[in-house]
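Student: I'd like to ask some things about the structure below.
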Amino acid sequence: MLVFIAKRFLWMIPSLFAVSFLAFVLIQLPPGDYVTTYIATLAASNEIVDQNTAAQLRERFGLGDPMLVQYFKWIWGILTRGDFGISFEWQQPVSDLIWERMALTLVLALSTLIATWAIALPIGVYSAVRKYSIGDYFFTAFTFFGLAVPSFLLALVLMYVAAVEFGQDVGGLFSPEYENASWSFAKMVDLFSHLWLPVIILAVSSTASLIRVMRANMLDELPKPYVTTARAKGLSEFRLLMKYPLMIALNPFISTIAWLLPNLISGSVVVAIVLNLPTAAPLLLQALMAQDMYLAGAFVLLICALTLIGSLISDILLALVDPRIRLE
């Protein structure tokens, strides 16, 4: 198992290089560059930028170099100094912009993941064991609702209910007095007091889909002969479910970690904008629209790293849960 983990870590290195290069190329595929976008923005405000100024800006930002030269300068800075470059739009080091947002994004993503599993796992098992009962029909209706309702619409409804009915401060992850304050215990408490709303909104659709996955997996396992044999030997129903079919039915459930973590980060752009969340998604969208290639490339690289880490974690958990797929 240790050899397998070491091999996976080694394969992650060329994968990150390949994805970083592809992301860098794709960000620069649209016509023009950051200077072109900047000039267009100024032109919309009736400000004219002459060609000499544009050329000076391109030279200042290093946009006159060939794309491969730009990429190797960027990746060499990351490898040797941990320097992701300077954001063109913000005129700040990319590292100063991304780390706090990525930390808040991970807190939100992990909270949503825990809430999703805590709700989907027992409901999925119940729906399979009590197939076609009133409870099963109720949870089936909930899953259809969760899959059908857009997250941004649910966000608007819950924001209205929280603000009007409960007087809750909605929008953002902090109260105004803590937004720019240094980290402290009081700020952590304030963060968790605001975290419940985005967690509910983001967890609804993923919980609905995982309930269906768990129900289907359990229904596949329950009729199998080993369940009948265990029941005939006198095992209690609860112990039987926990020891055999549930452990096998968890396999597809655990494998969702690989895509759930990056999906919670990159797939919550609209919700983050609606709720005014200081997470990675809105800044990534803004960087892509402005062709701020170093900022956008850093976010894409980190999301790729999360995907690879999620895949590794899911493979390790699968090996621990299911002896059939362990590597000797």
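The values are calculated or read from the model by the stated rules, or taken from the named source; none is laboratory data. Note that the structure is predicted; figures quoted are calculated from it, not measured. Here the Cβ is made from the backbone with ideal geometry for all residues, glycine too, and neighbour counts use every protein chain on show. Quick note on the areas: whole protein, heavy atoms, side chains included, nothing else; ligands and nucleic acids left out. Shrake-Rupley method; radii C 1.70, N 1.55, O 1.52, S 1.80 Å.
Student: On C-alpha positions alone, give me the angle between the axis of helix 293-321 and the longest principal axis of the chain, in degrees, nearest 10.
Tutor: In the chain, helix 293-321 runs at an angle near 20 degrees to the longest axis.
Student: Restricting to DSSP H runs of at least four residues, report the calculated mean residue ellipticity at 222 nm for the chain, -39500 (n - 2.57) per run over all residues, nearest 500 deg cm²/dmol.
Tutor: The helix contribution divided over the chain gives -24500 deg cm²/dmol.
Student: Can you give me the accessible area per residue for the chain, using a 1.4 Å probe, in Å²?
Tutor: I get 54 Å² per residue for this part.
Student: Same structure again: Give the angle, between 0 and 90 degrees and rounded to the nearest 10, that separates the Cα long axis of helix 67-81 from the longest principal axis of the Cα atoms of the chain.
Tutor: 70
Student: Please report the carbon-and-sulfur percent of the accessible area for the range 96-324; probe 1.4 Å, protein heavy atoms only, DNA, RNA and ligands left out.
Tutor: 70
Student: In addition: Roughly how many debye, to the nearest 20, is the charge dipole of the chain about its Cα centre, given +1 on each Lys and Arg Cβ, -1 on each Asp and Glu Cβ, and no other charges?
Tutor: Rounded to the nearest 20 debye, it is 1720 debye.
Student: Compute the acute angle (0 to 90°) between the alpha-carbon long axis of helix 51-61 and the principal axis of greatest extent of the alpha-carbon atoms of the chain; round to the nearest 10°.
Tutor: On a 0 to 90 degree scale, this one is about 50.
Student: Here is a follow-up. Name the residue farthest towards the positive end of the dipole of the range 96-324 from the options Pro122, Ala216, Ala287, assuming +1 on Cβ of Lys and Arg, -1 on Cβ of Asp and Glu, about the Cα centre.
Tutor: Farthest along the dipole direction, towards plus: Ala216.
Student: Grab the Cα-Cα distance for Tyr226 and Ser15, subtract it from 0.36 nm times how many residues apart they are, and report the gain in nm with one decimal.
Tutor: Computed gain between Tyr226 and Ser15 is 71.9 nm.
Student: When all alpha-carbon pairs of the chain are counted, what percent fall beyond 34 Å?
Tutor: 40
Student: Among Ala258, Leu154, Val164, flag the residue with its Cα farthest along the positive direction of the charge dipole of the chain, charges on Cβ as +1 for Lys/Arg and -1 for Asp/Glu.
Tutor: Of Ala258, Leu154, Val164, it is Ala258.
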